[in-house]
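The values are calculated or read from the model by the stated rules, or taken from the named source; none is laboratory data. Remember, predicted model here, so these are calculated numbers, not experimental data. All Cβ positions, glycine included, derive from the backbone under ideal geometry; neighbour counts span all protein chains shown. Ligands, DNA and RNA are stripped out before the accessible areas are found, and what is left, the full protein with its side chains, is counted by its heavy atoms. Shrake-Rupley method; radii C 1.70, N 1.55, O 1.52, S 1.80 Å.
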Amino acid sequence: NKKAFVELLFWKSPAAVCEMTKGYSSLQEEEGTTRGRIPPWTPQEEQELRELYWKYKEVEGGDVIAAILAHLPPPGRTRRQVVKQLVRM
């Protein structure tokens, strides 16, 4: 790469350094494999999540996400996945 010297002038994140050393398509390939492990939300799961949210959102002093996680059927979702999906919906 004839323009690699320009890249040296700017701060890098660990992901950018990984791309520079392994090749620019390597990071995109790794992202594809990690995203394949997380199953997408089905319409039934979204509906159940919506119902659980409306059921537990008015509970005083309780953690809404913890209550939702306790009542979600397998496969278990992480707290982060549930919060992200609620925000998206």
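A few notes on this one:
- The residues of the stretch 51-88 that are assigned to a loop (DSSP other than H, G, I, E, B) and surrounded by 11 or more Cβ atoms within 10 Å (Cβ to Cβ), listed by number, are 57, 62, 63, 72, 77.
- Hits in the stretch 7-22 - residues which are part of a helix (DSSP H, G or I) and not β-branched (Val, Ile, Thr): 7, 14, 15, 16, 18, 19, 20, 22
- In the stretch 21-47, residue modelled with the lowest pLDDT [restricted to those that are open to solvent by less than 70 Å² (accessible area, probe 1.4 Å) and farther than 16 Å from residue 84 by Cβ]: 32
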